[in-house]
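Below is one structure; the comments refer to it alone.
The values are calculated or read from the model by the stated rules, or taken from the named source; none is laboratory data. For clarity, every value in this text was computed on a predicted model and none was experimentally measured. Every residue, glycine as well, gets a Cβ built from its backbone with ideal geometry; the counts of neighbours run over all protein chains shown. Each accessible area value is taken on the protein alone, full model and side chains, heavy atoms only, with ligands, DNA and RNA left out. Shrake-Rupley method; radii C 1.70, N 1.55, O 1.52, S 1.80 Å.
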Amino acid sequence: MRSILITGGAGFAGSHFVRLLLAAEPEARVVTLDLLTYAGSRDNLRDLPDPSRHTFVQGDINDAALLDELFARHEFDALVNFAAESHVDRSILGPGAFLQANVNGAFQLLEAARRHWTDPRGRRFLQVSTDEVFGELGPDDPPWDESSPYAPRSPYAASKAAADHLALAYHHTYGLEVLLGRCSNLYGPYQHPEKLIPLVIERALSGQPVPLYGDGQQMRDWLYVEDGCAGLLAVLRAGRPGQAYNLGGGHQPTNEALVRRICDLLDGRLPGSPHRPFSRLIRRVADRPGHDRRYALDTARARAELGWRPRVPLEEGLNRTVDWYLQNRQWVEARARSGEHQAWLRQNYSQRESED
Ligand code: NAD
Ligand code: DAU
């Protein structure tokens, strides 16, 4: 790969992928296209290896003229689409933005690839997908494999499912070398404090209530972000066109157990804090509407075909994550204290707390 377009590369997962790609592909030039919504920031790309091979462009994946200009100038031979609205709770309160970014945005990227890659052979289009397209598992159901039926249950999940279907349709109809890399719940440095793990750390450090939805017994399949990105890179390099690859962490604690563990890790690191024990701050609040109970991915295909497996156990990943947030308070506070985030907290949580 010589020239690669990463969309959404200034967000959480995308920025880790840009960093990995520059290190792993020493000849490649990388262009990041990102709109810099509330979720994206150039700060997330501050520590790139060899930044001279990286170009940042602020813009919208829905801007067809901009895509034409970038495809013509950089002659991409690969594209990885991370750009999306990514927060389930925001999709419940305002689904329109999710259709525009996640469905129409993916469509515009596929169209640009179809226009510019007149001979698509050897040119790879990786759509970053999610386990949420499958809906939810019951307590005794086996994990989802790549042939499990799609049954999305939130507007976010439905928008991601729609993008997956479109991307595969472009493979079957136009011969684009489309791949789907389907990650479970990613966590680690640079994740926006609207998401559970950084939210817990940030709220606890500032001595504020830590909101746990419903009974807290829901389960997610946690995957350290560097493992997820390594899996996506393996799919990009060696995946079979037209195929999806499940990339899950294999660690599925309940939300309550996870939140308590993070509180314990903070107790150990901050013996003088007036907020200890941090678990005292946990509050049950009204549940997420349509809250999926359990996710789990069967990763046998990625293991067998790509030799990928997650390397970072949950305990180690949580330790690394807690340490990063403690050492990067400025990064967290810039987001957590912004007017945008404060408005989000009021919109999403004030009603919930009063319902509990
Ligand atoms: P994020 O919200 O942190 O980042 C999304 C990025 O996309 C931001 O930088 C934002 O500015 C950019 N963006 C949004 N709309 C855009 C547009 N129209 N044009 C250009 N850029 C735009 O999200 P994330 O958690 O890093 O997730 C990245 C991708 O990975 C998403 O597609 C998401 O569905 C998928 N995914 C995430 C997880 C996870 O747990 N974080 C798991 C599975 C899949
Ligand atoms: O499974 C992959 C998905 O993981 C990605 O596709 C999404 O982009 C990503 O945001 C994530 O979705 P979740 O909804 O699972 O992540 P979130 O961090 O929002 O929530 C994790 C769990 O914690 C979920 O069961 C809801 C619960 N939760 C979340 C928040 C924000 C709480 O109990 N309290 C909260 O305040």
For this session: Report whether or not residue 223 is crowded, with 23+ Cβ neighbours inside 10 Å, in a strand (DSSP E or B) and within 11 Å of ligand 1 (Cβ to nearest atom).
Result: yes
Problem set entry | Single residue of segment 128-160 satisfying the filter (among the aromatic types (Phe, Trp, Tyr) and closer than 23 Å to residue 236 by Cβ) that is most open to solvent (accessible area, probe 1.4 Å) | 150
Exercise. Could we say that residue 212 is open to solvent by less than 30 Å² (accessible area, probe 1.4 Å), under 30 Å from residue 140 (Cα atoms), in contact with a Gly (Cβ under 7 Å, 6 or more places away or on another chain) and not β-branched (Val, Ile, Thr) here?
Worked result: no
Exercise. Would you say residue 202 is under 22 Å from residue 320 (Cβ atoms), touching a Pro at 6+ places or on another chain (Cβ under 6 Å) and open to solvent by 10 Å² or more (accessible area, probe 1.4 Å)?
Worked result: yes
Exercise. List the pairs whose first member sits in segment 302-323 and is outside the structural domain of residue 229 (by TED's automatic domain parsing), whose second member is among the β-branched types (Val, Ile, Thr), and whose Cβ atoms are under 7 Å apart, counting only residues at least 6 apart or on separate chains?
Worked result: 318/262; 321/197; 322/201; 322/262
For this session: Taking only segment 277-297 into account, find how many residues are more than 16 Å from ligand 1 (Cβ to nearest atom), crowded, with 17+ Cβ neighbours inside 10 Å and among the charged types (D, E, K, R).
Result: 0
Exercise. Assuming residue 106 fulfils every condition listed in (1) within 16 Å of ligand 2 (Cβ to nearest atom); (2) open to solvent by 40 Å² or more (accessible area, probe 1.4 Å); (3) over 20 Å from residue 191 (Cβ atoms) apart from one, which condition is it?
Worked result: (2)
Exercise. Among the residues of segment 1-46 satisfying the criterion of being in a helix (DSSP H, G or I) and within 16 Å of ligand 2 (Cβ to nearest atom), which is farthest from residue 126 (Cα to Cα)?
Worked result: 44
Exercise. Mind checking which residues of segment 58-105 are over 20 Å from the mean Cα position of the chain (by Cα) and either within 7 Å of ligand 1 (Cβ to nearest atom) or not in a helix (DSSP H, G or I) (or both)?
Worked result: 63, 75, 76, 77
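Conditions tested, residue by residue: (1) near ligand 2 (Cβ under 9 Å from one of its atoms); (2) assigned by TED's automatic domain parsing to the domain that holds residue 30.
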{"position": "176", "(1), (2)": "no, yes"}
{"position": "180", "(1), (2)": "no, yes"}
{"position": "197", "(1), (2)": "yes, no"}
{"position": "207", "(1), (2)": "no, no"}
{"position": "215", "(1), (2)": "no, no"}
{"position": "238", "(1), (2)": "no, yes"}
{"position": "244", "(1), (2)": "no, yes"}
{"position": "247", "(1), (2)": "no, yes"}
{"position": "261", "(1), (2)": "no, no"}
Seminar exercise, completed: In segment 281-305, residues that are part of a helix (DSSP H, G or I) and more than 11 Å from residue 212 (Cβ to Cβ) total 6
Exercise. What number of residues within segment 255-288 are under 24 Å from residue 345 (Cα atoms) and within 29 Å of the chain's Cα centre (by Cα)?
Worked result: 20
For this session: Kindly indicate whether residue 13 is out of contact with any Ser or Thr (no Cβ under 8 Å at 6 or more places or on another chain) and within 20 Å of residue 129 (Cα to Cα).
Result: yes
